[in-house]
Amino acid sequence: MQKEISEIRNEIATLTKGIKARLEYEKSFGITAIKRTEQTTTKQEEEKTTPTTAIKENKQSDIELLSSLKENALKCTLCGLHQTRTNVVFGEGNPNADLMFVGEAPGYYEDVKGLPFVGKAGELLTKIINAIDFKREDIYIANILKCRPPENRNPKPDEIAFCYPYLEKQIDLIKPKIICALGTFAAQSLLNTTESIGRLRGKFHDYHGTKLIATYHPAYLLRNPEEKRKTWEDVQKVRDYLKSF
């Protein structure tokens, strides 16, 4: 009974940190209130604003918001990782990408350069991307955490809680047709599950209306090359899905 009470208290503490993280995030992004305003337009103005024009304007606005989001992330001090990082690794790629890769956290080389997947795991990811007829500049790459955990240790629950809103907003602004989660932490965080990557991979999941597929992290594949075949099967599903449009 005492153990159950302790577990409940830990869950409540983690949830509370997550709520605080969300509030601090919204505040840092300049959101203090939501106002409803009425706007009137003349018939001529309505005729000028075609659906195509509106889509272009909305996308440009999203790109500007993504840039502002990055500026906020670069100054983030919400968790203790800001004390040990060299650089914030916000993300990189095409803001109009149909395909978005999400990894766990920056490693040593990513922390040094401030860019995602630039070490040996990044080289393998680039080969995977090229193998499904894409280039790195075609897609967008980000991580659950924007700062490197010391010694590349696993992310802590409170670190994920503080950092996750940045990723949520990235996905919301980029609007990819499909997300590929790389590794256990990325897949579990995005899908809010404790299922193993072995059970999650190989099939499509739903992420708030967006297709998501999970596969092994490139760093894991470097240690376990025999699993590359399974990852190849997974990313072929990504390629085939995008070719269906």
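Quick note: the coordinates plus some simple rules give every number you see, no bench work behind them. Here the structure is a predicted model, which means the values were calculated and not measured. Glycine also receives a Cβ, built like all others from the backbone with ideal geometry; neighbour counts cover every protein chain displayed.
Structural remarks
- Considering residues of the range 207-226 that are assigned to a loop (DSSP other than H, G, I, E, B) and under 17 Å from the mean Cα position of the chain (by Cα) only, the residue surrounded by the most Cβ atoms within 10 Å (Cβ to Cβ): HIS217
Residues are listed down the side, and each one gets a yes or a no for (1) within 30 Å of VAL112 (Cβ to Cβ); (2) in contact with an Asp or Glu (Cβ under 7 Å, 6 or more places away or on another chain):
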position: ASP158; (1), (2): yes, no
position: LYS169; (1), (2): yes, no
position: LYS175; (1), (2): no, no
position: CYS180; (1), (2): yes, no
position: ALA187; (1), (2): yes, no
position: GLY202; (1), (2): no, yes
position: HIS205; (1), (2): no, no
position: THR210; (1), (2): no, no
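- Close pairs from the range 113-124: first part of a loop (DSSP other than H, G, I, E, B), partner acidic (Asp, Glu), Cβ under 7 Å, at least 6 apart: LEU115/GLU92; PRO116/GLU92; PRO116/GLU110; PHE117/GLU110; VAL118/GLU110; GLY119/GLU110
- Residue in the range 166-176 that is among the polar types (S, T, N, Q) and buried (at least 19 other Cβ atoms within 10 Å of the Cβ) present: yes
- Which listed residue, of ASP240, ASP172, is under 19 Å from the mean Cα position of the chain (by Cα) and free of Cβ contacts under 8 Å to residues at least 12 places away in the same chain: ASP172
- Within the range 188-206, tally of residues that are outside any loop (DSSP other than H, G, I, E, B) and either among the β-branched types (Val, Ile, Thr) or buried (at least 19 other Cβ atoms within 10 Å of the Cβ) (or both): 5
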